[in-house]
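First up is the structure itself, then whatever we jot down about it.
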Amino acid sequence: MDRRALADSSTLRLVQIALAEDIGSGDVSAEALIDPDTMAHGIFLAKAEGVIAGTAIATLVFHQVDRSISCEWLVNDGDRVGVRQVIANLQGPVRGLLSAERTALNFLQRMSGVATLTRRYVDAVAGTGAVILDTRKTIPGWRLLDKYSVTAGGGVNLRMGLYDMVMIKDNHIAAHRSLTRAVAEVRRHLAEWGRSDLKIEVETKNLEEVREALACEGITRIMFDNFPLEMMREAVTIVGGALETEASGGVNLETVRPIAETGVQFISVGALTHSAPALDISLDFGEI
């Protein structure tokens with residue numbers, strides 16, 4: 001995802017909500033202890049190895065508090081950083097720097113954490129040809145930021161929401177009592193509403209459903225949901241490149257490479273956005 005996507009108005013609203021939540025009626029500590037004319041230089045310091053994401057959002061936070069604060073980034077989103085690596089220089093009024101500090105770090109650490117975990121999965125399947133995908137298991141309101149962070153870590157966005165791709169899951173199939181009927185109804189609906197351009201993915205839970213999905217017209221991708229490795233390998237053979245294939249369920253850093261080695265093309269990992277630990281980053285000041 002291009003960094004320019006973060007210019008969406010929803011990102012600004014999210015930053016403003018976060019600042020209002022933290023600062024409220026005012027930063028009483030900074031106002032009591034710091035003269036409004038006092039200036040300082042600070043640095044963002046990585047305290048763990050990882051991948052950076054969220055530089056533009058951290059800058060936006062500081063500028064929402066005080067436009068005079070300058071942020072000089074020494075790294076780009078997607079760059080790997082080491083322990084005690086300086087990643088940015090900050091300059092401006094101390095009150096503004098302190099008032100924005102926690103919110104800026106919350107965004108930067110969370111987004112870098114997602115990028116870092118994603119890169120670990122991407123590295124784990126290197127050489128297999130498999131692509132690491134995210135899911136919709138994101139923090140409410142953070143969808144754009146979480147998915148941007150995945151791409152900064154080398155992953156790929158599956159879909160942004162329910163509106164830009166059709167995914168026929170087990171509950172949809174159960175509602176129609178047939179995978180084939182569910183696919184047919186989706187295609188009828190898309191044709192009626194002029195949305196036949198949308199890709200259709202079908203979730204399968206066994207080889208019988210894989211074969212049934214292959215017999216349907218209009219499907220783009222078949223998902224193998226929680227397939228054991230041998231079953232997934234057989235499913236890949238059955239599909240034989242006729243459609244895209246995706247593995248989902250039971251994916252972690254120990255299992256992801258064996259899954260990739262079955263020949264499946266895509267591997268979706270909910271943990272990228274629902275379980276990523278924040279990357280340890282601090283804001284350190286020189287003498288004030």
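The values are calculated or read from the model by the stated rules, or taken from the named source; none is laboratory data. What you are looking at is a predicted structure, and each value in this text was computed from that prediction instead of being measured. Here the Cβ is made from the backbone with ideal geometry for all residues, glycine too, and neighbour counts use every protein chain on show.
If I281 meets every condition in (1) closer than 20 Å to A53 by Cβ; (2) touching a strand residue (DSSP E or B) at 6+ places or on another chain (Cβ under 8 Å); (3) assigned by TED's automatic domain parsing to the domain that holds K205 apart from one, which number is that one? All conditions pass for I281, except number (3).
In segment 269-280, which residues are surrounded by fewer than 22 Cβ atoms within 10 Å (Cβ to Cβ) and in contact with a Ser or Thr (Cβ under 7 Å, 6 or more places away or on another chain)? Explain how you work it out, then say what you get.
Of all residues in segment 269-280, those surrounded by fewer than 22 Cβ atoms within 10 Å (Cβ to Cβ) come to 270-271, 274-275, 277-278, 280.
Answer for segment 269-280, where residues must be surrounded by fewer than 22 Cβ atoms within 10 Å (Cβ to Cβ) and in contact with a Ser or Thr (Cβ under 7 Å, 6 or more places away or on another chain): just G270.
Scanning segment 43-62 for residues that are in contact with an Asp or Glu (Cβ under 7 Å, 6 or more places away or on another chain) and surrounded by fewer than 22 Cβ atoms within 10 Å (Cβ to Cβ) gives I43, L45, K47, A48.
If you check T116 against the conditions, is it β-branched (V, I, T), crowded, with 23+ Cβ neighbours inside 10 Å and either more than 14 Å from S268 (Cα to Cα) or over 10 Å from the mean Cα position of the chain (by Cα) (or both)? Answer is yes for this residue.
Set side by side, the residues A235, A247, A213 differ, and just one is surrounded by 13 or more Cβ atoms within 10 Å (Cβ to Cβ), part of a strand (DSSP E or B), touching a strand residue (DSSP E or B) at 6+ places or on another chain (Cβ under 8 Å) and not assigned by TED's automatic domain parsing to the domain that holds T38, which is A247. Contact map, segment 250-265: residues that are at negative phi paired with residues that are among the aromatic types (F, W, Y), Cβ distance under 6 Å, separation 6+ or inter-chain. Pairs shown: V256/Y121. Any residue in segment 138-147 that is touching a residue at least 12 places away in the same chain (Cβ under 8 Å), touching a strand residue (DSSP E or B) at 6+ places or on another chain (Cβ under 8 Å) and either over 24 Å from A20 (Cβ atoms) or assigned to a helix (DSSP H, G or I) (or both)? Taking every residue of segment 138-147 in turn, none turns out to be touching a residue at least 12 places away in the same chain (Cβ under 8 Å), touching a strand residue (DSSP E or B) at 6+ places or on another chain (Cβ under 8 Å) and either over 24 Å from A20 (Cβ atoms) or assigned to a helix (DSSP H, G or I) (or both).
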